1. Probe radius 1.4 Å, ligands and nucleic acids ignored: give me the carbon and sulfur share of the accessible area of region 101-173 as a rounded percent.
2. May I ask you to give the solvent-accessible area per residue for region 81-166, in square angstrom, as obtained with a 1.4 angstrom probe?
3. Compare the peptides 133-143, 392-402 by average per-residue count of other Cβ atoms within 10 angstrom and give them in order, highest first.
4. Among 46-57, 303-314, 348-359, how do they line up from the highest to the lowest mean number of other beta-carbon atoms within 10 Å?
5. Probe radius 1.4 Å, ligands and nucleic acids ignored: give me the carbon and sulfur share of the accessible area of region 275-401 as a rounded percent.
6. With r defined as the distance between the Cβ atoms of ASN412 and GLN69 and R0 fixed at 22 Å, what FRET efficiency is calculated, to the nearest 0.05?
7. If you keep only loop residues by DSSP, which GluC sites (Glu not before Pro) in region 366-419 have at most 16 other Cβ atoms within 10 Å of their Cβ?
8. Efficiency by 1/(1 + (r/R0)^6): what FRET value for LYS111 and GLU22, r their Cβ-Cβ distance, R0 = 41 Å, to the nearest 0.05?
Amino acid sequence: MDPPSTKSWSIHTRKEITVKYEIFNRIGAGAYSDVYKARRRSDSVTVALKEIHDYQSAAREIEALQTLQHCPNVVVLHEYFWREDEDAVLVLEYLHTDLDCLIKEAKKWEKGLSLGEIKRWMMQILCGVDACHRNSIVHRDLKPSNLLISSDGILKLADFGQARILLAPGFVANDNQQPYVQSTPYQGTVAGPSHFKHISDVSSEGGVFIEDPGSTVQAARLGESDELRFRPFDDTDKDSNIQDGDTSCLATGTMSYVEEDLLPGTYSYDVDDGEQDCFPPLTSCVGTRWYRAPELLYGSTRYGPEIDLWSLGCIFAEVLRLEPLFPGNADIDQIGRILSVLGNLSEEVWPGCADLPDYKLMSFGKVDKPIGLEACLSNRSNDEILLVKKLLCYDPAGRATAMELLHDKYLNEDPLPVPSSELRIPSKHSSENDDSPDEFHRDLNSDSDFDDFGPTKVSTTDHGFSIQFS
(Lines give C-alpha, C1' and ligand atoms only; values in the text may rest on other atoms or scores of the structure.)
Protein backbone atom coordinates (compact mmCIF):
# COMPACT_ATOMS: atom_id res chain seq x y z
CA MET A 1 0.00 0.00 0.00
CA ASP A 2 1.34 3.41 -0.92
CA PRO A 3 2.10 5.75 2.00
CA PRO A 4 -0.38 8.60 2.52
CA SER A 5 0.49 11.74 0.60
CA THR A 6 1.85 14.74 2.45
CA LYS A 7 -0.20 17.90 2.24
CA SER A 8 1.36 20.52 -0.01
CA TRP A 9 2.45 23.66 1.80
CA SER A 10 1.89 25.80 -1.29
CA ILE A 11 -0.01 25.72 -4.57
CA HIS A 12 3.42 26.02 -6.23
CA THR A 13 4.36 22.57 -4.90
CA ARG A 14 1.32 20.74 -6.26
CA LYS A 15 2.73 18.96 -9.29
CA GLU A 16 -0.65 17.97 -10.71
CA ILE A 17 -1.30 21.72 -11.10
CA THR A 18 2.14 23.04 -12.04
CA VAL A 19 2.52 20.47 -14.82
CA LYS A 20 -0.51 22.02 -16.53
CA TYR A 21 -0.25 25.66 -15.45
CA GLU A 22 2.54 28.19 -15.09
CA ILE A 23 1.67 30.09 -11.92
CA PHE A 24 2.46 33.81 -11.72
CA ASN A 25 1.77 36.32 -8.95
CA ARG A 26 -1.00 36.23 -6.39
CA ILE A 27 -3.68 38.69 -7.47
CA GLY A 28 -6.22 38.33 -4.66
CA ALA A 29 -6.44 37.11 -1.08
CA GLY A 30 -9.26 36.52 1.36
CA ALA A 31 -9.85 34.94 4.73
CA TYR A 32 -10.50 31.61 3.02
CA SER A 33 -9.03 31.90 -0.47
CA ASP A 34 -6.06 33.02 -2.53
CA VAL A 35 -6.11 33.70 -6.25
CA TYR A 36 -3.19 33.49 -8.65
CA LYS A 37 -2.80 34.57 -12.22
CA ALA A 38 -1.58 31.66 -14.34
CA ARG A 39 -1.01 30.50 -17.90
CA ARG A 40 -2.25 27.20 -19.27
CA ARG A 41 0.79 25.49 -20.77
CA SER A 42 -1.13 23.69 -23.53
CA ASP A 43 -2.40 26.83 -25.29
CA SER A 44 -1.00 29.84 -23.34
CA VAL A 45 -4.47 30.95 -22.21
CA THR A 46 -4.42 33.17 -19.12
CA VAL A 47 -6.51 31.79 -16.25
CA ALA A 48 -7.15 32.46 -12.57
CA LEU A 49 -6.33 29.73 -10.05
CA LYS A 50 -8.50 30.11 -6.97
CA GLU A 51 -7.21 28.16 -3.99
CA ILE A 52 -10.03 27.82 -1.46
CA HIS A 53 -9.04 26.94 2.10
CA ASP A 54 -12.58 26.32 3.35
CA TYR A 55 -14.20 23.03 2.38
CA GLN A 56 -17.80 24.19 2.43
CA SER A 57 -17.13 27.32 0.36
CA ALA A 58 -15.26 25.25 -2.22
CA ALA A 59 -18.09 22.73 -2.46
CA ARG A 60 -20.69 25.43 -2.96
CA GLU A 61 -18.73 27.34 -5.55
CA ILE A 62 -18.00 24.25 -7.64
CA GLU A 63 -21.59 23.05 -7.52
CA ALA A 64 -22.99 26.44 -8.49
CA LEU A 65 -20.53 26.98 -11.35
CA GLN A 66 -21.13 23.49 -12.72
CA THR A 67 -24.88 24.10 -12.69
CA LEU A 68 -24.47 27.44 -14.46
CA GLN A 69 -21.74 26.35 -16.86
CA HIS A 70 -23.68 27.32 -20.00
CA CYS A 71 -24.72 30.78 -18.82
CA PRO A 72 -22.83 33.51 -20.71
CA ASN A 73 -23.09 35.88 -17.75
CA VAL A 74 -21.47 33.59 -15.17
CA VAL A 75 -17.71 33.12 -14.90
CA VAL A 76 -16.42 29.91 -16.53
CA LEU A 77 -15.01 27.07 -14.42
CA HIS A 78 -12.56 25.22 -16.69
CA GLU A 79 -11.63 22.48 -14.22
CA TYR A 80 -10.74 21.96 -10.60
CA PHE A 81 -8.25 20.00 -8.49
CA TRP A 82 -9.34 18.56 -5.19
CA ARG A 83 -8.26 15.57 -3.16
CA GLU A 84 -8.38 14.53 0.45
CA ASP A 85 -6.40 16.76 2.82
CA GLU A 86 -5.74 19.34 0.10
CA ASP A 87 -7.39 22.68 -0.61
CA ALA A 88 -9.58 22.85 -3.68
CA VAL A 89 -8.07 24.79 -6.59
CA LEU A 90 -10.52 26.10 -9.18
CA VAL A 91 -9.30 26.97 -12.66
CA LEU A 92 -11.40 29.94 -13.77
CA GLU A 93 -11.40 32.24 -16.72
CA TYR A 94 -9.37 35.36 -16.07
CA LEU A 95 -11.26 38.66 -16.24
CA HIS A 96 -9.16 41.72 -15.59
CA THR A 97 -11.76 44.22 -14.37
CA ASP A 98 -15.15 44.55 -12.69
CA LEU A 99 -18.17 46.80 -12.25
CA ASP A 100 -16.68 48.46 -9.18
CA CYS A 101 -13.74 49.66 -11.27
CA LEU A 102 -16.08 50.73 -14.07
CA ILE A 103 -18.10 52.91 -11.68
CA LYS A 104 -14.94 54.58 -10.37
CA GLU A 105 -13.71 55.22 -13.90
CA ALA A 106 -17.10 56.53 -15.06
CA LYS A 107 -16.99 59.20 -12.36
CA LYS A 108 -14.00 60.69 -14.22
CA TRP A 109 -15.75 60.74 -17.58
CA GLU A 110 -17.24 64.07 -18.61
CA LYS A 111 -20.78 62.74 -19.03
CA GLY A 112 -20.47 59.52 -17.05
CA LEU A 113 -22.19 56.43 -18.40
CA SER A 114 -24.61 56.85 -21.29
CA LEU A 115 -28.15 55.50 -21.02
CA GLY A 116 -27.35 52.82 -23.58
CA GLU A 117 -24.35 51.69 -21.54
CA ILE A 118 -26.30 51.66 -18.28
CA LYS A 119 -29.03 49.53 -19.82
CA ARG A 120 -26.58 47.02 -21.30
CA TRP A 121 -24.80 46.58 -17.96
CA MET A 122 -28.13 46.20 -16.17
CA MET A 123 -29.39 43.62 -18.67
CA GLN A 124 -26.25 41.54 -18.34
CA ILE A 125 -26.48 41.58 -14.55
CA LEU A 126 -30.16 40.58 -14.73
CA CYS A 127 -29.38 37.74 -17.13
CA GLY A 128 -26.80 36.33 -14.72
CA VAL A 129 -29.09 36.64 -11.70
CA ASP A 130 -32.03 35.21 -13.65
CA ALA A 131 -29.90 32.18 -14.52
CA CYS A 132 -29.06 31.68 -10.85
CA HIS A 133 -32.63 31.95 -9.65
CA ARG A 134 -34.06 29.75 -12.41
CA ASN A 135 -31.60 27.12 -11.23
CA SER A 136 -32.58 27.69 -7.60
CA ILE A 137 -29.23 29.27 -6.69
CA VAL A 138 -29.02 32.24 -4.34
CA HIS A 139 -25.70 34.04 -4.78
CA ARG A 140 -25.80 35.83 -1.39
CA ASP A 141 -22.93 38.22 -2.14
CA LEU A 142 -23.87 40.33 -5.15
CA LYS A 143 -21.89 43.57 -5.32
CA PRO A 144 -20.04 45.52 -8.03
CA SER A 145 -16.65 43.90 -7.31
CA ASN A 146 -18.15 40.43 -7.81
CA LEU A 147 -19.46 41.37 -11.26
CA LEU A 148 -16.45 40.82 -13.49
CA ILE A 149 -16.05 42.25 -16.98
CA SER A 150 -14.23 40.78 -19.97
CA SER A 151 -12.21 42.77 -22.47
CA ASP A 152 -15.07 42.49 -24.97
CA GLY A 153 -17.70 43.90 -22.62
CA ILE A 154 -19.30 40.72 -21.24
CA LEU A 155 -20.26 40.99 -17.57
CA LYS A 156 -20.11 37.81 -15.50
CA LEU A 157 -21.20 36.92 -11.98
CA ALA A 158 -18.36 35.52 -9.88
CA ASP A 159 -17.42 34.42 -6.36
CA PHE A 160 -20.06 31.82 -5.54
CA GLY A 161 -18.44 30.76 -2.27
CA GLN A 162 -21.47 31.94 -0.29
CA ALA A 163 -24.06 30.62 -2.74
CA ARG A 164 -26.78 28.21 -1.67
CA ILE A 165 -28.85 25.83 -3.76
CA LEU A 166 -32.61 26.05 -3.23
CA LEU A 167 -35.41 24.12 -4.87
CA ALA A 168 -38.99 24.99 -5.75
CA PRO A 169 -41.79 22.75 -4.38
CA GLY A 170 -42.58 19.86 -6.69
CA PHE A 171 -38.99 19.36 -7.75
CA VAL A 172 -36.82 16.56 -6.48
CA ALA A 173 -33.10 16.98 -6.01
CA ASN A 174 -31.18 14.43 -8.06
CA ASP A 175 -27.81 13.95 -9.67
CA ASN A 176 -29.23 14.37 -13.17
CA GLN A 177 -30.40 17.96 -12.71
CA GLN A 178 -29.75 19.75 -16.02
CA PRO A 179 -27.47 22.79 -16.11
CA TYR A 180 -28.69 26.19 -17.14
CA VAL A 181 -29.43 26.61 -20.83
CA GLN A 182 -29.90 30.11 -22.21
CA SER A 183 -33.39 30.70 -23.59
CA THR A 184 -33.84 32.92 -26.65
CA PRO A 185 -35.08 35.41 -25.80
CA TYR A 186 -35.81 35.19 -22.06
CA GLN A 187 -38.64 32.71 -22.07
CA GLY A 188 -40.16 30.83 -19.21
CA THR A 189 -41.03 31.98 -15.74
CA VAL A 190 -39.22 32.35 -12.48
CA ALA A 191 -40.73 30.97 -9.32
CA GLY A 192 -41.44 33.83 -6.94
CA PRO A 193 -38.83 34.29 -4.21
CA SER A 194 -41.12 33.00 -1.47
CA HIS A 195 -41.71 29.74 -3.36
CA PHE A 196 -38.18 28.38 -2.98
CA LYS A 197 -37.23 25.75 -0.42
CA HIS A 198 -33.89 24.54 0.83
CA ILE A 199 -32.30 21.29 -0.28
CA SER A 200 -29.33 19.46 1.10
CA ASP A 201 -25.87 20.05 -0.29
CA VAL A 202 -25.03 16.40 0.30
CA SER A 203 -25.62 14.08 -2.62
CA SER A 204 -27.30 10.69 -2.43
CA GLU A 205 -23.86 9.09 -2.65
CA GLY A 206 -22.77 10.64 0.65
CA GLY A 207 -20.44 13.16 -0.94
CA VAL A 208 -20.88 16.61 -2.35
CA PHE A 209 -20.43 16.19 -6.07
CA ILE A 210 -20.85 13.35 -8.51
CA GLU A 211 -19.39 14.50 -11.80
CA ASP A 212 -21.74 14.49 -14.76
CA PRO A 213 -20.07 12.48 -17.56
CA GLY A 214 -21.54 14.91 -20.09
CA SER A 215 -20.22 17.95 -18.32
CA THR A 216 -17.75 20.24 -20.02
CA VAL A 217 -16.16 20.86 -16.63
CA GLN A 218 -13.27 18.53 -15.96
CA ALA A 219 -12.25 17.38 -12.51
CA ALA A 220 -8.68 16.31 -11.92
CA ARG A 221 -9.04 12.77 -10.61
CA LEU A 222 -6.36 12.07 -8.07
CA GLY A 223 -5.39 9.29 -5.71
CA GLU A 224 -5.86 5.54 -5.92
CA SER A 225 -9.46 5.55 -7.08
CA ASP A 226 -10.82 6.67 -10.45
CA GLU A 227 -13.77 8.23 -8.65
CA LEU A 228 -13.88 11.61 -7.03
CA ARG A 229 -13.97 11.29 -3.28
CA PHE A 230 -15.50 14.06 -1.22
CA ARG A 231 -16.29 14.24 2.43
CA PRO A 232 -19.93 14.79 3.33
CA PHE A 233 -20.58 17.96 5.29
CA ASP A 234 -23.26 19.49 7.43
CA ASP A 235 -25.75 21.45 5.35
CA THR A 236 -26.36 24.02 8.07
CA ASP A 237 -24.60 27.30 7.47
CA LYS A 238 -21.63 27.96 9.71
CA ASP A 239 -20.40 31.48 10.35
CA SER A 240 -16.82 30.24 10.26
CA ASN A 241 -17.25 29.42 6.60
CA ILE A 242 -18.62 32.72 5.39
CA GLN A 243 -16.38 35.37 6.89
CA ASP A 244 -15.42 36.65 3.46
CA GLY A 245 -18.61 38.64 3.72
CA ASP A 246 -17.01 42.01 3.02
CA THR A 247 -14.71 41.00 0.21
CA SER A 248 -13.55 42.36 -3.08
CA CYS A 249 -13.18 40.04 -6.03
CA LEU A 250 -10.29 40.01 -8.48
CA ALA A 251 -10.57 37.57 -11.36
CA THR A 252 -12.95 35.55 -9.17
CA GLY A 253 -10.68 35.93 -6.16
CA THR A 254 -11.20 37.77 -2.92
CA MET A 255 -9.47 40.46 -0.95
CA SER A 256 -11.05 40.25 2.44
CA TYR A 257 -12.06 42.76 5.03
CA VAL A 258 -13.34 40.81 8.02
CA GLU A 259 -15.92 42.52 10.17
CA GLU A 260 -15.55 42.97 13.89
CA ASP A 261 -19.11 43.69 14.96
CA LEU A 262 -20.14 44.33 18.50
CA LEU A 263 -22.80 41.65 18.59
CA PRO A 264 -21.52 38.76 16.45
CA GLY A 265 -23.75 36.35 18.32
CA THR A 266 -26.85 37.88 16.79
CA TYR A 267 -25.99 36.59 13.33
CA SER A 268 -27.21 32.99 13.64
CA TYR A 269 -30.29 31.60 15.29
CA ASP A 270 -31.30 28.06 16.06
CA VAL A 271 -34.68 26.87 14.90
CA ASP A 272 -37.19 26.26 17.65
CA ASP A 273 -37.58 22.59 18.47
CA GLY A 274 -41.26 22.78 17.68
CA GLU A 275 -40.82 24.29 14.25
CA GLN A 276 -41.93 21.86 11.57
CA ASP A 277 -39.36 22.41 8.86
CA CYS A 278 -37.18 19.79 7.23
CA PHE A 279 -34.80 22.42 5.84
CA PRO A 280 -31.87 23.76 7.82
CA PRO A 281 -31.67 27.45 8.79
CA LEU A 282 -29.35 29.73 6.85
CA THR A 283 -26.96 32.20 8.39
CA SER A 284 -27.83 35.90 8.24
CA CYS A 285 -24.12 36.83 8.18
CA VAL A 286 -23.68 36.71 4.42
CA GLY A 287 -23.05 39.29 1.78
CA THR A 288 -21.32 42.63 1.98
CA ARG A 289 -22.86 45.17 4.32
CA TRP A 290 -23.63 47.90 1.77
CA TYR A 291 -25.68 45.46 -0.31
CA ARG A 292 -27.18 43.36 2.50
CA ALA A 293 -30.96 43.04 2.60
CA PRO A 294 -32.89 44.28 5.68
CA GLU A 295 -33.97 40.75 6.60
CA LEU A 296 -30.31 39.77 6.93
CA LEU A 297 -29.48 42.87 8.97
CA TYR A 298 -32.30 41.89 11.34
CA GLY A 299 -30.98 38.34 11.70
CA SER A 300 -33.31 36.31 9.48
CA THR A 301 -32.32 32.69 8.87
CA ARG A 302 -35.27 31.98 6.57
CA TYR A 303 -34.82 33.75 3.26
CA GLY A 304 -34.39 33.12 -0.43
CA PRO A 305 -33.54 34.82 -3.74
CA GLU A 306 -35.14 38.03 -2.44
CA ILE A 307 -31.85 38.96 -0.79
CA ASP A 308 -30.15 38.97 -4.21
CA LEU A 309 -32.89 41.24 -5.53
CA TRP A 310 -32.26 43.79 -2.78
CA SER A 311 -28.55 43.70 -3.63
CA LEU A 312 -29.49 44.33 -7.26
CA GLY A 313 -31.40 47.43 -6.24
CA CYS A 314 -28.36 48.79 -4.40
CA ILE A 315 -26.12 47.98 -7.38
CA PHE A 316 -28.45 49.60 -9.93
CA ALA A 317 -28.73 52.72 -7.79
CA GLU A 318 -24.92 52.84 -7.61
CA VAL A 319 -24.62 52.53 -11.39
CA LEU A 320 -27.09 55.40 -11.83
CA ARG A 321 -25.55 57.77 -9.27
CA LEU A 322 -21.93 56.51 -9.42
CA GLU A 323 -21.88 56.41 -5.62
CA PRO A 324 -22.95 53.68 -3.16
CA LEU A 325 -26.51 54.17 -1.97
CA PHE A 326 -26.17 52.83 1.59
CA PRO A 327 -22.45 52.94 2.56
CA GLY A 328 -22.89 51.90 6.18
CA ASN A 329 -19.81 51.65 8.40
CA ALA A 330 -21.44 49.14 10.75
CA ASP A 331 -24.59 47.02 10.69
CA ILE A 332 -26.45 49.43 12.98
CA ASP A 333 -25.41 52.33 10.78
CA GLN A 334 -26.50 50.34 7.72
CA ILE A 335 -30.02 49.93 9.07
CA GLY A 336 -30.14 53.60 10.03
CA ARG A 337 -29.17 54.69 6.51
CA ILE A 338 -31.84 52.50 4.96
CA LEU A 339 -34.51 53.83 7.32
CA SER A 340 -33.50 57.42 6.63
CA VAL A 341 -34.14 56.90 2.90
CA LEU A 342 -37.06 54.47 2.80
CA GLY A 343 -38.79 55.42 6.04
CA ASN A 344 -39.86 53.51 9.13
CA LEU A 345 -39.98 49.74 9.19
CA SER A 346 -43.33 48.45 10.43
CA GLU A 347 -45.88 45.70 10.01
CA GLU A 348 -47.81 48.03 7.73
CA VAL A 349 -45.07 48.13 5.09
CA TRP A 350 -43.69 44.65 5.78
CA PRO A 351 -46.13 42.17 7.31
CA GLY A 352 -44.21 39.81 9.60
CA CYS A 353 -41.17 42.03 10.13
CA ALA A 354 -41.80 42.03 13.90
CA ASP A 355 -40.97 38.31 13.90
CA LEU A 356 -37.41 38.90 12.67
CA PRO A 357 -34.94 37.73 15.34
CA ASP A 358 -33.40 41.16 16.01
CA TYR A 359 -36.43 43.35 15.39
CA LYS A 360 -37.27 43.75 19.06
CA LEU A 361 -33.65 44.20 20.09
CA MET A 362 -33.24 47.53 18.32
CA SER A 363 -35.41 50.60 18.06
CA PHE A 364 -34.75 53.74 16.09
CA GLY A 365 -36.28 57.17 16.36
CA LYS A 366 -39.24 57.69 14.05
CA VAL A 367 -38.28 59.03 10.64
CA ASP A 368 -40.87 61.74 10.01
CA LYS A 369 -39.51 62.80 6.64
CA PRO A 370 -37.53 60.06 4.88
CA ILE A 371 -35.15 61.29 2.20
CA GLY A 372 -36.71 59.06 -0.45
CA LEU A 373 -35.10 57.43 -3.45
CA GLU A 374 -36.14 60.38 -5.61
CA ALA A 375 -33.72 62.64 -3.72
CA CYS A 376 -30.94 60.03 -3.88
CA LEU A 377 -31.44 59.76 -7.64
CA SER A 378 -32.31 63.39 -8.25
CA ASN A 379 -30.72 63.53 -11.68
CA ARG A 380 -32.37 60.36 -12.97
CA SER A 381 -35.66 59.77 -14.79
CA ASN A 382 -38.89 58.53 -13.21
CA ASP A 383 -38.52 55.19 -15.02
CA GLU A 384 -35.04 54.70 -13.54
CA ILE A 385 -36.23 55.55 -10.05
CA LEU A 386 -39.18 53.20 -10.42
CA LEU A 387 -36.85 50.39 -11.52
CA VAL A 388 -34.82 50.77 -8.32
CA LYS A 389 -37.99 51.02 -6.22
CA LYS A 390 -39.15 47.66 -7.56
CA LEU A 391 -36.09 46.09 -5.93
CA LEU A 392 -35.56 48.18 -2.79
CA CYS A 393 -38.78 47.11 -1.15
CA TYR A 394 -38.88 46.26 2.54
CA ASP A 395 -41.23 43.31 2.03
CA PRO A 396 -39.20 40.61 0.22
CA ALA A 397 -42.37 39.30 -1.46
CA GLY A 398 -42.82 42.67 -3.15
CA ARG A 399 -39.46 42.74 -4.93
CA ALA A 400 -39.51 42.29 -8.70
CA THR A 401 -37.72 39.22 -10.08
CA ALA A 402 -34.83 39.44 -12.52
CA MET A 403 -37.06 38.02 -15.25
CA GLU A 404 -39.71 40.67 -14.66
CA LEU A 405 -37.12 43.45 -14.85
CA LEU A 406 -35.71 42.11 -18.12
CA HIS A 407 -39.12 42.93 -19.60
CA ASP A 408 -39.33 46.29 -17.82
CA LYS A 409 -40.32 49.27 -19.94
CA TYR A 410 -37.13 51.15 -19.10
CA LEU A 411 -34.83 48.52 -20.60
CA ASN A 412 -36.90 48.06 -23.75
CA GLU A 413 -37.43 51.61 -24.98
CA ASP A 414 -35.22 54.18 -26.66
CA PRO A 415 -32.40 54.68 -26.19
CA LEU A 416 -31.90 50.93 -26.41
CA PRO A 417 -28.95 49.10 -24.77
CA VAL A 418 -25.76 49.50 -26.80
CA PRO A 419 -24.03 46.36 -28.11
CA SER A 420 -21.50 44.91 -25.69
CA SER A 421 -18.74 45.68 -28.18
CA GLU A 422 -19.45 49.42 -27.80
CA LEU A 423 -19.12 49.47 -24.01
CA ARG A 424 -16.21 51.39 -22.52
CA ILE A 425 -14.08 49.01 -20.44
CA PRO A 426 -11.67 50.07 -17.65
CA SER A 427 -8.07 49.06 -18.23
CA LYS A 428 -7.52 47.45 -14.84
CA HIS A 429 -9.23 46.15 -11.73
CA SER A 430 -10.13 48.46 -8.86
CA SER A 431 -7.87 46.62 -6.41
CA GLU A 432 -4.90 47.65 -8.55
CA ASN A 433 -5.72 51.32 -7.99
CA ASP A 434 -4.08 53.33 -5.26
CA ASP A 435 -7.34 54.27 -3.56
CA SER A 436 -9.31 51.54 -1.82
CA PRO A 437 -13.09 51.61 -1.41
CA ASP A 438 -14.26 53.70 1.53
CA GLU A 439 -15.64 50.52 3.10
CA PHE A 440 -12.09 49.40 3.86
CA HIS A 441 -11.23 52.64 5.67
CA ARG A 442 -13.17 51.68 8.78
CA ASP A 443 -11.38 52.30 12.06
CA LEU A 444 -10.23 48.81 13.03
CA ASN A 445 -9.34 50.03 16.53
CA SER A 446 -13.01 50.44 17.30
CA ASP A 447 -14.96 47.43 18.54
CA SER A 448 -18.31 49.16 18.55
CA ASP A 449 -21.06 49.47 16.00
CA PHE A 450 -22.35 52.52 17.86
CA ASP A 451 -19.52 55.02 17.53
CA ASP A 452 -21.29 57.18 14.96
CA PHE A 453 -24.60 57.41 16.77
CA GLY A 454 -23.86 59.41 19.90
CA PRO A 455 -25.98 58.67 23.01
CA THR A 456 -27.67 55.29 23.22
CA LYS A 457 -30.19 53.93 25.69
CA VAL A 458 -30.01 50.25 26.64
CA SER A 459 -32.87 48.67 28.57
CA THR A 460 -33.86 45.11 29.44
CA THR A 461 -36.89 43.53 27.79
CA ASP A 462 -38.66 40.19 27.80
CA HIS A 463 -36.46 39.23 24.85
CA GLY A 464 -33.13 40.28 26.40
CA PHE A 465 -32.35 43.95 25.85
CA SER A 466 -33.26 46.88 23.62
CA ILE A 467 -30.99 49.55 22.20
CA GLN A 468 -32.49 52.92 21.30
CA PHE A 469 -30.56 55.41 19.19
CA SER A 470 -31.15 59.12 19.54
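The values are calculated or read from the model by the stated rules, or taken from the named source; none is laboratory data. Everything numeric here is computed off the predicted structure, so don't read it as measured data. Please note: Cβ atoms are built from the backbone with ideal geometry, for glycine as well, and neighbour counts cover all protein chains shown. Areas reflect the complete protein model, heavy atoms only, side chains present, ligands, DNA and RNA absent. Shrake-Rupley method; radii C 1.70, N 1.55, O 1.52, S 1.80 Å.
1. Solvent-exposed carbon and sulfur of region 101-173 make up 54 percent of the total.
2. That works out to 24 Å² for each residue.
3. Highest to lowest by the protection proxy: 133-143, 392-402.
4. The packing order, highest mean first, is 303-314, 46-57, 348-359.
5. 51 percent
6. Efficiency computed from Cβ-Cβ geometry: 0.20.
7. Listed in order of number, the matching sites are GLU413.
8. 0.45
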